[in-house]
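Visitor: Quick one: this structure, given as structure tokens, is what I'll be asking you about.
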């Protein structure tokens with residue numbers, strides 16, 4: 001599947017405000033077909049540029065403190081189809097085609113697999129793959 | 001329209017991780033019917049509790065440094081229908097019924113009214129209301 005965005009893109013004509021969260025902005029990832037929200041990650045300017053250059057969603061991992069092209073190890077990459085920003089230029093909404101059975105490292109299609117029911121987080125769907133096979137871990 | 005969630009709810013049985021962003025977590029607001037992503041705001045623990053108690057989405061405004069029930073002045077409140085959290089307990093996805101013609105202070109249905117086209121943010125839809133009437137300002 002060919003990314004819709006690829007190659008060098010001048011980012012100075014589409015400014016984003018990276019100053020509100022220590023150089024990061026949240027990026028909401030939504031399935032371009034089903035409209036399901038799959039995950040939320042954070043980008044710094046380098047991750048944003050990398051996303052534009054490659055056409056694959058690339059975050060800055062806060063826990064690992066480094067760039068993180070989603071799916072680089074699992075193969076479950078996120079192919080960019082459309083990008084929107086919000087009225088304050090400080091958040092991205094990215095429509096994607098998600099490769100593979102799920103984006104969540106816990107084995108689910110979406111990271112939002114638990115719903116609030118009677119005051120508790122309840123798993124509301126079944127896993128779509130076994131993360132221990134994909135990531136070599138049980139989580 | 002009656003909020004789906006209302007009244008006191010014990011939050012200790014559904015922990016969220018407020019430590020990654022200085023006491024805040026991002027909350028993605030999605031239209032429960034159209035599945036359109038309407039906006040992203042931030043909640044602290046008090047805003048989260050207030051959202052649960054009232055059934056109306058309540059954020060912590062970073063610019064005004066105070067609690068902010070969305071729509072309190074405009075009437076464009078967000079009625080909570082369903083809440084999900086992600087695998088890391090550090091992000092919320094809230095399905096809502098949005099009261100009024102739009103959630104965006106700039107006059108649009110969604111804050112994400114600009115798309116990336118040929119390296120520029122292009123307004124991709126028409127405003128749905130006049131914010132100068134609602135907010136008494138031209139923005």
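Visitor: Got at least one residue in region A:50-64 being away from chain B (no Cβ under 14 Å), in contact with a helix residue (DSSP H, G or I) (Cβ under 9 Å, 6 or more places away or on another chain) and in a strand (DSSP E or B)?
Guide: The answer is yes, given that some residue of region A:50-64 is away from chain B (no Cβ under 14 Å), in contact with a helix residue (DSSP H, G or I) (Cβ under 9 Å, 6 or more places away or on another chain) and in a strand (DSSP E or B).
Visitor: Given the criteria touching a residue at least 40 places away in the same chain (Cβ under 8 Å) and over 14 Å from the mean Cα position of the chain (by Cα), does residue A:129 qualify?
Guide: no
Visitor: With respect to residue A:100, determine if the residue is surrounded by fewer than 17 Cβ atoms within 10 Å (Cβ to Cβ) and either modelled with pLDDT of 95 or more or not in a strand (DSSP E or B) (or both).
Guide: yes
Yes or no, residue by residue, for (1) within 10 Å of the chain's Cα centre (by Cα); (2) outside any strand (DSSP E or B); (3) more than 10 Å from chain A (Cβ to nearest Cβ):
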residue: B:15; (1), (2), (3): no, yes, no
residue: B:18; (1), (2), (3): no, yes, yes
residue: B:35; (1), (2), (3): no, yes, no
residue: B:41; (1), (2), (3): yes, no, no
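Visitor: Have a look at A:14, A:43, A:1, A:69 and point out the one that is modelled with pLDDT under 95, farther than 18 Å from residue B:117 by Cβ and touching a strand residue (DSSP E or B) at 6+ places or on another chain (Cβ under 8 Å). Break it down into steps so the answer makes sense when it comes.
Guide: Working: A:14 fails: farther than 18 Å from residue B:117 by Cβ; A:43 fails: modelled with pLDDT under 95; A:69 fails: modelled with pLDDT under 95.
Just one listed residue meets the conditions, A:1.
Visitor: Looking at (1) surrounded by fewer than 21 Cβ atoms within 10 Å (Cβ to Cβ); (2) within 13 Å of chain B (Cβ to nearest Cβ); (3) not in a helix (DSSP H, G or I), find the lone condition where residue A:71 falls short.
Guide: (2)
Visitor: Kindly indicate the residue of region B:104-124 that is more than 7 Å from chain A (Cβ to nearest Cβ) and surrounded by fewer than 21 Cβ atoms within 10 Å (Cβ to Cβ) and also farthest from residue A:86 (Cα to Cα) among those meeting that condition. Can you show your working first?
Guide: Initially, region B:104-124 is screened for residues more than 7 Å from chain A (Cβ to nearest Cβ), giving B:107-110, B:113, B:117-118, B:122-124.
Now narrow it down to the ones that are surrounded by fewer than 21 Cβ atoms within 10 Å (Cβ to Cβ): B:117-118, B:122-124.
Details: B:117: 15, B:118: 18, B:122: 11, B:123: 11, B:124: 12 Å.
Out of the qualifying residues, it is B:118.
Visitor: Give the residues of region B:108-124 that are modelled with pLDDT of 95 or more and not in a strand (DSSP E or B), sorted by residue number.
Guide: Within region B:108-124, B:108, B:109, B:110, B:111, B:112, B:113 qualify.
Visitor: Do you know which residues across region A:76-103 are farther than 15 Å from residue A:59 by Cα, free of Cβ contacts under 8 Å to residues at least 60 places away in the same chain and more than 13 Å from chain B (Cβ to nearest Cβ)?
Guide: Scanning region A:76-103 gives A:100, A:101.
The values are calculated or read from the model by the stated rules, or taken from the named source; none is laboratory data. Please read all numbers here as calculations on a predicted model, not as lab measurements. When we count neighbours, we look across all protein chains shown, and the Cβ atoms used for this are built from the backbone with ideal geometry, even at glycine.
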